[in-house]
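What follows is one structure encoded as structure tokens, with my remarks underneath.
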Ligand SMILES: Nc1ncnc2c1ncn2[C@@H]1O[C@H](COP(=O)(O)OP(=O)(O)OP(=O)(O)O)[C@@H](O)[C@H]1O
Ligand SMILES: [Mg+2]
């Protein structure tokens, strides 16, 4: 596998503020990569550096084998971008804006464009000033997917889309993935990331804090267990990896670090397990932990 | 909750947001007055000096259009002749910009939607904008009166001058409130309001220029157009010449009427929308749009069309005045010297001097167009679609270059249009079409290099200091205008006036154009432009 995006030690400062503080990111060709982090973590800034809109102050970044700043124009032919804040020209219609973006990128597939307009239920004859937020977002998404490019960089592409359109968007991402294209998807919507992404990177305060497949990341989090035994449960609180335990003689409810699951289960069998239910950690909990830590860290 | 709930809070917010901008406008305007007072005293120290100057200019439409009709030979009267219409013009711009800023511009940034959802009545934001403008004009009026009193020009005249200027400002604030409700957006509203001010200035100019000179040889019965213009009304208050305070009823009536109309419109309009509902447009783009240049043209053509109408109409009117001007000058052969002193271009042929002065005004208008056009890239960058466009295979130089090409091409087209309109009308009314067409076109086109300098400055500001670019570019334009067009009025030394590119434009057709200064101007413009383009290519986008 080759690398579509590789970033190491990326630094970007705005005056005295350090928006990116030695950030690392690796996106393999052909994968859908989730890019996550709390507000202000530096996701959009990273993307803008990758697009040559901002100049990095330090570190290395390679995009499709080229230099994001020096080779910007050449690279931009091979990628499509949906910005975090979609701004259109108030007096151009949505259809005109879609055609314009695609043409400036280097060409448009008319059939695909019309098909996408249909699927996203967009009225392309409306002036942009009269579009709702969701419809402006659709214009940008359609314009991106109407181009057949190697890399799609999507910065919170579904903010403002209704659940129906969210589903259409997910279909589109799967389609481009099937064709072997790469997607970098910044998002705050866990279900979307869970449904689409092969791997994710979580950043906070301009640094990468976790990176890996969802399975790997799940491993770092906790499973909720509720158990009923024949004999009274003793000593559970002292077992390593067990958290927030509530023990009521033969019943117990607790969370356990997923990495410690095995020996905790062994320990429980001593008391003769009669029923056991476990709830896998949701991605949401995973993020809550990381985002929560960030809050704690900031204080 | 009434429709006005929250007005007081919004007014305080508006005044707070304007705490730098409005004081700058007010102090700048007062400073202009103050400098003019001392310059006028120096140039025309005695009653005889003033009488002689006013008698001469009374027969010169070119001067009268730019100043106003003389009313008397006192110091105050001379001062009013020199500066009153400019003060009213500035008060007008201050007011319309403020009203549009706190109404449509707020809506476009989504600010008033946020406010609208809070406890704020339907008319609160419009009312707050108007109150802000009225307060600014009241302060301006007061300061003008104070400066006049402080300079020993006290009495009823000082109060009348201040109030006349403030009332003009207030009446333009009312007009701006109407266009802010009717227009499609803030940009269009500002454009329409500026056009209204420009027309008001010119209409009263023609009213002054073509009045009947009275028996004393310098005061005049103004022609009727002067009564159609809020700036004309300010003159007709006649500060220092038997003040007629009843004339102030006109601007106040206009204000009241337009406020009523704007409230009626505001009641029928949705936030963020114009009065005319946007119609559906094409479902897909035409080929011509699909390039950076096509896009720049599409974004700018509306502005250019507006200016083309203004410039073309002005040039046609100027051309049609040739006969009147010639007549006015026939018996006034020895006036040349004074005309030259007051700003006719240093020539003995007064008709040519008239056309040179008019073309200089058109040149300044075109320079204003160029600055406006080149602020478009900044608007596209700051919270606009430039981020998405520059993430396509559109190079930065190509993108900015497209806007520059449209601006410079547009300026050339405007000047050509001005020359053709003036020459055609001149030739058709006076005969000798070919000569006049060539003369007028030449006189128009020599204005281009000055406009190019301002284009260069605007690009340099945009490339180097994007967040300040709008302020810097307009400041450069204003300074150039003041030094170039008002330098003599303010009694500034030549070295200072030479800072302005307008000072280096030869007064064609009154004098022959020489290539040297024009080429130098172009070279300076290029240097600025290249510096700006180079630093735009290297900098972060300032989103
Ligand atoms: N032009 C700028 N000038 C100054 N600071 C900036 C600028 N752009 C971004 N920042 C700062 O850099 C940090 C990262 O911002 P960024 O927009 O990349 O966050 P984000 O992860 O995209 O957040 P969100 O989820 O809210 O979109 C923030 O603290 C922000 O305030
Ligand atoms: Mg962001």
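The values are calculated or read from the model by the stated rules, or taken from the named source; none is laboratory data. What you are looking at is a predicted structure, and each value in this text was computed from that prediction instead of being measured. Heads up, the Cβs are rebuilt from the backbone with ideal geometry, glycines too, and the neighbour counts pull from every protein chain shown.
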- request: Identify all residues within region A:84-141 that are over 16 Å from residue B:388 (Cβ atoms), more than 7 Å from every other protein chain (Cβ to nearest Cβ) and outside any helix (DSSP H, G or I); write none if there are none.
  value: A:91, A:107, A:109, A:120, A:121, A:122, A:123, A:132
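Quick grid of which residues meet (1) at pLDDT 95 or above; (2) out of contact with any strand residue (DSSP E or B) (no Cβ under 9 Å at 6 or more places or on another chain); (3) within 14 Å of chain A (Cβ to nearest Cβ):
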position: B:316; (1), (2), (3): no, yes, no
position: B:331; (1), (2), (3): no, yes, no
position: B:340; (1), (2), (3): no, yes, no
position: B:346; (1), (2), (3): no, yes, no
position: B:353; (1), (2), (3): no, yes, no
position: B:361; (1), (2), (3): no, yes, no
position: B:373; (1), (2), (3): yes, yes, no
position: B:392; (1), (2), (3): yes, no, yes
query: Of the residues that sit in region A:34-73 and are more than 15 Å from ligand 1 (Cβ to nearest atom) and part of a loop (DSSP other than H, G, I, E, B), which one is surrounded by the fewest Cβ atoms within 10 Å (Cβ to Cβ)?
result: A:70
message: Testing residue A:6 on (1) within 16 Å of ligand 2 (Cβ to nearest atom); (2) more than 28 Å from residue B:536 (Cβ to Cβ); (3) modelled with pLDDT of 95 or more, one condition comes back false. Which one is that?
response: (1)
- line: Every listed condition ((1) within 16 Å of ligand 1 (Cβ to nearest atom); (2) in contact with a helix residue (DSSP H, G or I) (Cβ under 6 Å, 6 or more places away or on another chain); (3) away from every other protein chain (no Cβ under 14 Å)) holds for residue A:196 save (1)
query: In the set A:13, A:29, which member is over 18 Å from residue A:187 (Cα atoms) and either crowded, with 18+ Cβ neighbours inside 10 Å or away from ligand 1 (no atom under 12 Å from the Cβ) (or both)?
result: A:29
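Going through B:534, B:515 one at a time, which residue ends up being modelled with pLDDT of 95 or more and away from chain A (no Cβ under 14 Å)? Explain how you work it out, then say what you get.
On the way: B:515 fails: modelled with pLDDT of 95 or more.
Sole residue among the options that is modelled with pLDDT of 95 or more and away from chain A (no Cβ under 14 Å): B:534.
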- prompt: In this structure, does residue A:19 turn out to be within 16 Å of ligand 2 (Cβ to nearest atom) and in contact (Cβ under 8 Å) with a residue 60 or more places away in the chain?
  reply: yes
field: Index of the failed condition, residue B:383 passing every other in (1) within 14 Å of chain A (Cβ to nearest Cβ); (2) surrounded by 22 or more Cβ atoms within 10 Å (Cβ to Cβ)
entry: (2)
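Might you let me know whether region B:251-270 holds any residue that is free of Cβ contacts under 8 Å to residues at least 40 places away in the same chain, crowded, with 20+ Cβ neighbours inside 10 Å and away from chain A (no Cβ under 14 Å)? Talk me through it step by step, then tell me what you get.
Within region B:251-270, the subset free of Cβ contacts under 8 Å to residues at least 40 places away in the same chain is B:253, B:260, B:264, B:268, B:270.
Retained after the next criterion (residues that are crowded, with 20+ Cβ neighbours inside 10 Å): none.
No - not one qualifying residue is present in region B:251-270.
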- prompt: If we scan region A:149-168, do we find a residue that is at the interface with chain B (Cβ under 9 Å from one of its Cβ atoms) and under 29 Å from residue B:291 (Cβ atoms)?
  reply: yes
Test for residue A:127: is it away from ligand 1 (no atom under 16 Å from the Cβ), modelled with pLDDT under 95, more than 22 Å from the chain's Cα centre (by Cα) and closer than 22 Å to residue B:376 by Cα: yes
